[in-house]
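The values are calculated or read from the model by the stated rules, or taken from the named source; none is laboratory data. Keep in mind it's a predicted model, so treat the numbers as computed, not measured. In this analysis, Cβ positions are derived from the backbone assuming ideal geometry, glycine residues included, and neighbour counts consider all displayed protein chains. When the accessible area is computed, the model is the full protein with side chains, heavy atoms only, and any ligands, DNA or RNA have been set aside. Shrake-Rupley method; radii C 1.70, N 1.55, O 1.52, S 1.80 Å.
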Amino acid sequence: VRGYRAGYLPLHRREIEAGLRDGEITAVVSTNALELGIDIGSLQAAVLVGYPGTIASTWQQLGRAGRRSGSVGVFVASSSPLDQFIVRHPDYFLSSDPEEGLIDPDNLLLLAGHLQAGLFELPFEAEERLGRTDVSDLLRVFEEDGSATRSAGRWFWSRQAFPAEEIHLRRIAADNVVIIDTSQPRPSVIGEMDQFSAPVLLHEGAVYLHEGAQFHVDRLDWDEKKAYLHPVDVDYYTDALASVTVQVLDTFAGPDGEAIARSHGEVKITSLASMFKKIRFHTHENIGSGPIHLPEQTLHTTGYWITVDEELWTALGRETLEAGLQGVAHSLRHVASIRLMCDPRDLGAVAEVRSATTRLPTVTVYEVYPGGVGYSQRMYELHHDLLENAAALVRECPCLAGCPSCIGPLHLVEGAKSACLRLLSATSASALTV
Ligand SMILES: [Zn+2]
């Protein structure tokens, strides 16, 4: 039995794939890295732990098994709201067509990638557009960084490298942290991780899991983007939480609405991981903690946010309001991923009792890709539906007073579920009159 994820080194991955093909390896525990493009012939069973987020991914993952013989597919639902929705409404999955990808071709990072790949194939004329877009400014940026040159009124690609190799199918920005095992006389690279996840998973003192084995992070060199680890055998895992704040940079539409107003626009998300906990396996006892000294991470993207009218929140009281808002953020993010047909991990959600920008209790659902790909505007358009669906999700949950599945982490605060429902339904009631 082996582990597998995209961050493993290519040679290591090829070796695991070959082992699966020739029967040397009988089972592999994998992220969605094995979902596409790899024929692993004789696999007979696929067990999906949690809904992959999209109908297309679910069929892809189930389809890894049974290419040569009969097969069985098992879906194990977690307590996440999305999984609970799927098992309660199996028709949603079984009778819908796979989703269409939503992409914004004008996203600056995507546009730059497309332009580089195009320029590699053929030179650009001076006034030439890419689709409808004027790309002359981008071409000048490429000229400055040495990847393009201008000659006789035409632009040429001037690097040796094939630009498409730098472009990932699932991820927009590069710059990963390299993970290095230092236990052998010659240190070896065992994987890499994106720089937004690294502060919470590869901070100094973290226990990092690689193919089921535990590694202790001794040092994280943030400037060099390198994490140095050695294998350990301990009875705990580490859990770090980042505090996240939102700053609105530009409002494209809104605010409009009464008790709950909607807006969408450009936002700056700042995330700072400052401490971690050590948690014992099985008993989940907290057996220690430590500080994290890392610079804050910022993400420029687009988001959709809702603000709560003063009359509504003064009635709730601060603690109840906070728990209720967290519930709104949690349920909204999950129903949004269903409506947008995206992976819940494509979205982040933040609840703030008092936002620095709106000065009101605010819930922001943002896109985790720099620049955004168009989800925020869609959420703004779907505003009323999203709030109604989120209210239904929380109301239909069989728990009495709120649980991690419907309202998320602050479910133990008294009155959290009813506060969340009150916020969400204040919205839908007002939605009917808007
Ligand atoms: Zn619940």
What part of the accessible area of the chain, given as a whole %, is carbon or sulfur when the probe is 1.4 angstrom? 52 percent
On the first, second and third principal axes, largest extent first, how far apart are the outermost C-alpha atoms of the range 306-434 in Å? 37, 33, 29
For the range 178-232, what is the per residue volume of the convex hull drawn over the alpha-carbon atoms, in cubic angstrom? 72 Å³
For 155, 222, 59, what's the largest-to-smallest order of accessible area, 1.4 Å probe? 59, 222, 155
Suppose we look only past 20 Å in the calculated P(r) of the range 174-288. What percent of the Cα-Cα pairs does that tail hold? 54 percent
Taking each full run of DSSP H in the chain as one helix, which ones are at least 18 Å long along their axis (Cα atoms) and have mean Kyte-Doolittle hydropathy of at least 1.0? 108-121
The chain: equivalent-ellipsoid semi-axes (sqrt of 5 x gyration tensor eigenvalues, Cα, Å): 35, 31, 24
Taking C-beta distances below 4.7 angstrom as the pairing criterion, name the unpartnered cysteines of the chain, in sequence order. 342, 420
Compute the distance in nm between two label points, each set 7 Å from the Cα along the Cα-to-Cβ direction, one at residue 412 and one at residue 270. 3.0 nm
Per residue of the range 236-250, what does 6.51 cos²θ - 1.76 cosθ + 1.60 with θ = phi - 60° give for ³J(HN,Hα)? Whole Hz please, x for Gly and Pro, Karplus curve as stated. 9, 10, 10, 9, 10, 10, 9, 8, 10, 10, 10, 10, 7, 9, 7
Heads up, I need the accessible area for residue 248: 1.4 angstrom probe, whole protein in place, Å², nearest 10. 30 Å²
If you count only protein heavy atoms with a 1.4 Å probe, what accessible area per residue comes out for the chain, rounded to a whole Å²? 52 Å²
Given the protein chains as shown and a 1.4 Å probe, how many square angstrom of residue 383 are accessible, to the nearest 10? 10 Å²
What percentages, rounded to whole numbers, describe P(r) for the range 108-166 computed over all alpha carbon pairs with 5 Å bin width beginning at zero? 4, 20, 36, 28, 11, 2
Roughly how many whole Å is it from the C-alpha centroid of the range 41-90 to that of the range 109-139? 40 Å
Which residues' amide hydrogens lie under 5 Å from the amide hydrogen of residue 276, considering only partners 5 or more residues apart or on another chain, with H built in the peptide plane? 290, 292
Using only DSSP helix segments of four residues or longer, with each worth -39500 (n - 2.57), what per-residue ellipticity at 222 nm results for the chain after dividing by its residue count and rounding to 500? -9000 deg cm²/dmol
In what order, largest first, do 314, 301 sit by accessible area if the probe radius is 1.4 Å? 314, 301
Accessible area in the full protein assembly, largest first, 1.4 Å probe, for 403, 342: 403, 342
